[in-house]
Amino acid sequence: MEFTKYYFVVASKQFLVTEEPLEEVLRERIQYYSRTKKRIDFWLLPSPKFLEAENFKNIKNKFPMNCLAIVSTNKIFITWLKLRLNNVFVGEFQGPSQQIPNPLDFEAS
């Protein structure tokens, strides 16, 4: 089985949508990818299921309600997001795995 390394930032949906310029940040990034003809390598996941893995229980417990994650295979992009957005958690994981069978799966609200 081949694994992909994913990097992420996660915070409450309310915080990212209301208090941070998330829409603007993602719009700028999509425009940059389009200009440079780069394939989009990030996903916006509401209530991501990978947080249910045992090693992320501490992060999941901080967000009993809705959270939002930006997941990417590009570590530099996630590092840049961490610097651009305040009060977010960052992490990484490999998948698919036994604990995270579908890395980009999320709970539809």
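Assorted remarks:
- Qualifying residue in the range 49-56 (condition: acidic (Asp, Glu), without any contact (Cβ under 8 Å) to a residue 24 or more places away in the chain and either farther than 19 Å from Asp105 by Cα or surrounded by 12 or more Cβ atoms within 10 Å (Cβ to Cβ) (or both)): yes
- Annotation: of all residues in the range 1-20 being touching a residue at least 60 places away in the same chain (Cβ under 8 Å) and not in a strand (DSSP E or B), the one that is most open to solvent (accessible area, probe 1.4 Å) is Met1.
- Residue check for Val25: at pLDDT below 95 and surrounded by 14 or more Cβ atoms within 10 Å (Cβ to Cβ): yes
- Unique residue being aliphatic (A, V, I, L, M), within 15 Å of the chain's Cα centre (by Cα) and outside any helix (DSSP H, G or I) when the list is Leu44, Leu51: Leu44
- Cβ-Cβ distances below 6 Å connect the following pairs, each with a first residue in the range 74-88 that is within 11 Å of Leu16 (Cβ to Cβ), a second residue that is in a loop (DSSP other than H, G, I, E, B), and a separation of six or more residues or different chains: Leu85/Glu20.
- Here Tyr33 fulfils each of the conditions (1) open to solvent by less than 80 Å² (accessible area, probe 1.4 Å); (2) on the phi < 0 side of the Ramachandran plot; (3) touching a residue at least 12 places away in the same chain (Cβ under 8 Å) apart from (3).
- For the range 57-103, the set of residues classified as open to solvent by 80 Å² or more (accessible area, probe 1.4 Å), in a loop (DSSP other than H, G, I, E, B) and farther than 18 Å from Trp43 by Cα consists of Pro64, Met65, Asn86, Asn87, Gln98, Gln99, listed by residue number.
- Subset of the range 1-46 [among the aromatic types (Phe, Trp, Tyr) and closer than 18 Å to Asn86 by Cα]: Tyr7, Phe8, Phe15
The values are calculated or read from the model by the stated rules, or taken from the named source; none is laboratory data. Here the structure is a predicted model, which means the values were calculated and not measured. Cβ sites come from the backbone with ideal geometry, for glycine too, and all protein chains shown count toward neighbours. The accessibility values were calculated without ligands, DNA or RNA, using every heavy atom of the protein model including side chains. Shrake-Rupley method; radii C 1.70, N 1.55, O 1.52, S 1.80 Å.
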